[in-house]
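Chemist: Pasting in a structure now, in structure tokens, and then I'll have a few things to ask.
Quick note: the coordinates plus some simple rules give every number you see, no bench work behind them. Just so it is clear, the model here is predicted, and its values are computed rather than measured. Counting neighbours? That spans all protein chains shown, and the Cβs are built from the backbone with ideal geometry, glycine included.
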Ligand SMILES: *Cc1c(COP(=O)(O)O)cnc(C)c1O
């Protein structure tokens, strides 16, 4: 008999999980600029803030459980049937629910090696195995993803555009991926950065959701100015929506979040401004750093860029130098295994000029 103390034991898989590493913040009270979590550099929609404040009058009452006001707004803005939308406490909430609903022991979920680091966590938490597929130069490789499918495969996790690489699959490639899957495999299209995409051959997952019965589209307000409010949503076929609604928390989106989200969805003026700012400074920093042969900026469709350095030491030196100057970017060695790169969120003009200036000065010294 083992002499290990008798105590509660987590389900298989849980203790194999490496905890999620969030982007770093500056020391409390410091005026560092955080470029490590893909947050909005223009704050939140003023209309969303007003709605959030108004909700403070009603904190004593349970929120309407299905997030109806938010689903209605999303349906209007995106041209979707609100009955096929479920909202969540951030899109992480919905990703967890999808894993819990559709994965179990013996199942496999397929993802890109440099895909979003939450996918392995939720897959293992559901007792399933994660199958990592190599990208082609940091971009998802549809043939390789399809080749990784086995009889045990239940879910494909695809962030489009992807975090932390910023790369995307055009509509035709997403369709080719879907067309190669058995109908009992769910394709989860995580469009967390869709609002920032400017490429003309990109489409959100919604059309494919309507045409198929094994595709869901997951979205978030976090990258559009409401990260603290924790609002995500998904659009899927009725049978998936029904299953998720059975297991989600009955009040999983709080009232201030529902109202702020509805206002933010309709605030196209703010959303357009954020998108334009992002596109301008994403292009600018990409060109600025690419000019030097020292860096390689992976072309991004998101609100960050991944910058490759000659090696891990150069990346670490750049991270430290930026941090000393009050600019906190994201190291992606530990969470993603990309040791020679940093992920830099698109911030204010001042922050972008700061980052570019410091990195270029570093090359001259090196
Ligand atoms: C940020 C992010 C999310 C999660 O966002 P929430 O804040 O939980 O809504 C989901 N997927 C990807 C790819 C992300 O980068």
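Chemist: Using the alpha-carbon centroid of each, what span in Å lies between segment 34-54 and segment 90-137?
Modeler: So the separation of the two Cα centres works out to 29 Å.
Chemist: Here is a follow-up. Can you tell me the length gained on complete extension of the stretch residue 296 to residue 251, counting 0.36 nm per residue apart and subtracting the Cα distance?
Modeler: 11.7 nm
Chemist: For all pairs of alpha-carbon atoms in the chain, what percent lies in each bin of width 10 Å, listed from the first bin to the last filled one?
Modeler: The calculated distribution, bin by bin, is 5, 23, 32, 26, 12, 2, 0.
Chemist: Need one number: nm distance between label points at residue 179 and residue 20, each 7 Å from Cα along Cα→Cβ, rounded to one decimal.
Modeler: Each label point lies 7 Å from its Cα, and together they span 3.5 nm.
Chemist: Continuing with the same structure: With the Cα gyration tensor of segment 251-324 in hand, convert its eigenvalues to equivalent ellipsoid semi-axes via √(5λ) and list them largest first in whole Å.
Modeler: Listed largest to smallest, the semi-axes of segment 251-324 are 35, 17, 9 Å.
Chemist: How big is the C-alpha Rg of segment 145-260 next to the rule-of-thumb value 2.2 N^0.38 Å, as a ratio?
Modeler: 1.12
Chemist: Below 8 Å, C-alpha to C-alpha, sequence gap of six or more: please give me the relative contact order for segment 46-267 in percent.
Modeler: 30
Chemist: Label-point separation (nm) for residue 242 and residue 339, each offset 7 Å from Cα along Cα-to-Cβ?
Modeler: The answer from the label model is 5.1 nm.
Chemist: Taking N as the number of residues in segment 1-120, what is its alpha-carbon radius of gyration divided by 2.2 N^0.38 Å?
Modeler: 1.51
Chemist: May I pose another question? So what are the radius of gyration and Dmax for the Cα set of segment 1-56, in Å?
Modeler: Looking at segment 1-56, its Cα Rg and Dmax stand at 21.3, 63 Å.
Chemist: With each label point set 7 Å from Cα along the Cα-Cβ vector, what nm distance links residue 78 and residue 284?
Modeler: 3.1
Chemist: Same structure, new question: Give, in nm to one decimal, the length gained when the segment between residue 273 and residue 316 is fully stretched (0.36 nm per residue of separation minus the Cα-Cα distance).
Modeler: 12.1 nm
Chemist: What is segment 86-215 by shape, rounded, prolate or oblate, if you read a ≥ b ≥ c off the alpha carbon gyration tensor as root eigenvalues and call it rounded for a/c under 1.5, prolate for a/b larger than b/c, and oblate otherwise?
Modeler: rounded
Chemist: Among 189, 61, which comes first, then next, by fewest other beta-carbon atoms within 10 Å?
Modeler: 61, 189
Chemist: What value, in deg cm²/dmol to 500, does the helix sum -39500 (n - 2.57) over DSSP H runs of n ≥ 4 give at 222 nm once divided by the residues of the chain?
Modeler: Helices in the chain give a 222 nm mean residue ellipticity of -11500 deg cm²/dmol.
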